[in-house]
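Novice: I'd like to ask some things about the structure below.
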Amino acid sequence: MTDILIDDTATEAVRALIRAFPLVPVSQPPEQGSYLLAEHDTVSLRLVGEKGGVTVDFASGAAQYRRTKGGGELIAKAVNHTAKPTVWDATAGLGRDSFVLASLGLAVTAFEQHPAVACLLSDGIRRALLNPETQDTAARIKLHFGNAAEQMPVLVQTQGKPDIVYLDPMYPERRKSAAVKKEMAYFHRLVGEAQDEAVLLHTARQTAKKRVVVKRPRLGEHLAGQAPAYQYTGKSTRFDVYLPYGADKG
């Protein structure tokens, strides 16, 4: 489990949020590795010996740019956003793609199994709900803490199947931005091994009504070695589309 250092300045809202996750409260940072820091109105991911940290902030930086300037055109095509599909993001991570999908007006159910990552994302959504510029988008995201491959079949029983299951399994980040490199280094250090890709794709194809959309590097290998039905390819990223089991191609 991940350590969390709760500073005296941490608000009650932050303290209440972190109680929802299996984290280990500590009185000082660990000697090495990563940990969470709750201070003021924010939870951040820190790495011992490094300055600064990583937070989920949908109101500024790359998230703000994609929200106000676009940048979701390819993912919008991949999920056929004009049909207003329901989307389950089975690998939410820090929520970037969930937020882009929600900014397209789509209802997004996001799954994250790592308690520290889920805490960071939950904190980002909480703050986004308090910001007039992001609150409508944030309100369209519902976060589930747990393993998506285990939770999706259960959720189908009560909510029915979503139109789209979206997958963005971890892969080495190719962009050269120092900020992105730092964030992904922290993230990979924290999360470690990725989920079982074959199980995740199998469950996604059992769950989706219309399609499974998988984000990959443009030249990356197919997920779990399985060829998609078709693809949407951009300059650095592509989206592989798989059909649900039993669906006819077309």
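The values are calculated or read from the model by the stated rules, or taken from the named source; none is laboratory data. All of these numbers come straight from a predicted model, not from anything done at the bench. FYI the Cβ positions are ideal-geometry reconstructions off the backbone, even for glycines, and counts take in every protein chain you see.
Novice: Against the definition (among the aliphatic types (A, V, I, L, M) and modelled with pLDDT of 95 or more), how does LEU167 come out, yes or no?
Specialist: Yes: the conditions hold for LEU167.
Novice: Please count how many residues of the range 82-117 are in contact with a strand residue (DSSP E or B) (Cβ under 6 Å, 6 or more places away or on another chain), of a type in the set (S, T, N, Q) and not in a strand (DSSP E or B).
Specialist: Selection size over the range 82-117: 2.
Novice: Here's another thing I want to ask about it. When only residues in the range 128-146 that are out of contact with any strand residue (DSSP E or B) (no Cβ under 7 Å at 6 or more places or on another chain) and buried (at least 21 other Cβ atoms within 10 Å of the Cβ) count, which is nearest to ASP41 (Cα to Cα)?
Specialist: Checking each candidate, the answer is ALA128.
Novice: From the set of residues in the range 232-247 that are more than 21 Å from the chain's Cα centre (by Cα) and surrounded by 14 or more Cβ atoms within 10 Å (Cβ to Cβ), which is modelled with the lowest pLDDT?
Specialist: Only one residue fits best here, namely ALA247.
Novice: Right, here's the next one. Within the range 53-66, can one find any residue that is in contact with a Leu (Cβ under 9 Å, 6 or more places away or on another chain), closer than 14 Å to PHE145 by Cβ and in a loop (DSSP other than H, G, I, E, B)?
Specialist: no
Novice: Could I ask something else about it? For the subset of the range 217-231 comprising residues that are touching a helix residue (DSSP H, G or I) at 6+ places or on another chain (Cβ under 7 Å) and not in a loop (DSSP other than H, G, I, E, B), which member is surrounded by the most Cβ atoms within 10 Å (Cβ to Cβ)?
Specialist: Among those that are touching a helix residue (DSSP H, G or I) at 6+ places or on another chain (Cβ under 7 Å) and not in a loop (DSSP other than H, G, I, E, B), it is LEU223.
Novice: Among the residues of the range 3-22, write down those that are out of contact with any helix residue (DSSP H, G or I) (no Cβ under 9 Å at 6 or more places or on another chain), part of a loop (DSSP other than H, G, I, E, B) and touching a residue at least 12 places away in the same chain (Cβ under 8 Å).
Specialist: ASP7, THR9, THR11, listed by residue number.
Novice: On the given criteria, is GLU173 surrounded by fewer than 19 Cβ atoms within 10 Å (Cβ to Cβ), out of contact with any strand residue (DSSP E or B) (no Cβ under 7 Å at 6 or more places or on another chain), at pLDDT below 95 and not in a strand (DSSP E or B)?
Specialist: Taking the combined requirement at face value, the residue satisfies it.
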